[in-house]
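Only one structure is covered here, and it is reproduced in the block below.
The values are calculated or read from the model by the stated rules, or taken from the named source; none is laboratory data. Fair warning: this is a prediction, and the values are worked out from it, not measured in the lab. Glycine also receives a Cβ, built like all others from the backbone with ideal geometry; neighbour counts cover every protein chain displayed. The protein model used for the area step is the full one, side chains on, heavy atoms only, and it has no ligands, DNA or RNA in it. Shrake-Rupley method; radii C 1.70, N 1.55, O 1.52, S 1.80 Å.
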Amino acid sequence: MEPIIRKATGADIDAVTEIYELIHTEEEAGRTTTGWKRGVYPTRAVAEAAVQRSDLFVMEAEGRVSAAAIINHAQVDIYAGAPWQYDAPDEQIMVLHTLVVDPRVKGRGLGRAFEAFYERYALEHGCPYLRIDTNARNTAARQLYAHLNYREIAVIPCVFNGLTGVEAVLLEKRASAP
């Protein structure tokens, strides 16, 4: 059965929060490197706020919520002044935030499937320009985005989502029609 991606509801908050917590556990155990920190980012409040804004999406795979991400036009403050390759108006830019895949099902292509959904969603909403950011320490995400033809635009040292000492990697690509 193909994964289903849909807008999240309040009923999905527990499942998304569980994925956040599992990723924090993997980080603390040294099995993954996101640069995220339990109790700082991401948290249940992040999922709740995104459901309130109606920009949290979840992927159902293998009978449960297995991935989630926030998709909107919100370009975080560090995006300002970056040397973007496309000088596009804000209304033509879609941003993917906080893409998470349940560690129990990683390696099955769910991150790629979610990004493909993001690209289609952006095009359907008149946004051919895609932007993403990740922590420089998150080599798995950087490899995925490189494979998906994102270009690394800049690495910005900053405080990001309450996390200190972050080197945020800004990535961009132009979406292509299927």
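Of all the residues in segment 96-146, those that are more than 14 Å from A68 (Cβ to Cβ), of a type outside the set (D, E, K, R) and part of a strand (DSSP E or B) number 5. Taking segment 148-166 as the range and being within 18 Å of V95 (Cα to Cα) and either touching a residue at least 24 places away in the same chain (Cβ under 8 Å) or basic (K, R) (or both) as the test, the residues that pass are L148, N149, R151, I153, A154, I156, F160, N161. If I filter segment 66-88 down to residues being part of a strand (DSSP E or B) and either out of contact with any Phe, Trp or Tyr (no Cβ under 8 Å at 6 or more places or on another chain) or open to solvent by 30 Å² or more (accessible area, probe 1.4 Å) (or both), which single residue comes out as farthest from P3 (Cα to Cα)? Only one residue fits best here, namely N72. Within segment 111-120, the set of residues being surrounded by fewer than 17 Cβ atoms within 10 Å (Cβ to Cβ) and within 26 Å of P89 (Cα to Cα) comprises A116, R120.
Note on segment 52-65: residues that are open to solvent by 30 Å² or more (accessible area, probe 1.4 Å) and either within 21 Å of G111 (Cβ to Cβ) or among the hydroxyl-bearing types (S, T, Y) (or both) total 5. Filtering segment 155-178 to residues that are open to solvent by 20 Å² or more (accessible area, probe 1.4 Å) and aliphatic (A, V, I, L, M) leaves V155, I156, V159, A177.
Among the residues of segment 30-42, those that are under 20 Å from K106 (Cα atoms), open to solvent by less than 70 Å² (accessible area, probe 1.4 Å) and more than 14 Å from the chain's Cα centre (by Cα) comprise G30, T32, T33. Pairing residues of segment 118-142 that are of a type in the set (F, W, Y) with residues that are open to solvent by 60 Å² or more (accessible area, probe 1.4 Å) and in a strand (DSSP E or B), at Cβ distances under 9 Å and at least 6 apart in sequence or on separate chains, gives Y129/R174. Of all the listed residues (Y41, Y20), the sole one being of a type outside the set (A, V, I, L, M) and either farther than 24 Å from G165 by Cα or touching a Pro at 6+ places or on another chain (Cβ under 7 Å) (or both) is Y20.
Of all residues in segment 130-149, those that are buried (at least 21 other Cβ atoms within 10 Å of the Cβ) and over 13 Å from the mean Cα position of the chain (by Cα) total 0.
The set of residues in segment 1-21 being more than 9 Å from E60 (Cβ to Cβ), β-branched (V, I, T) and surrounded by 12 or more Cβ atoms within 10 Å (Cβ to Cβ) consists of I13, V16, T17, I19.
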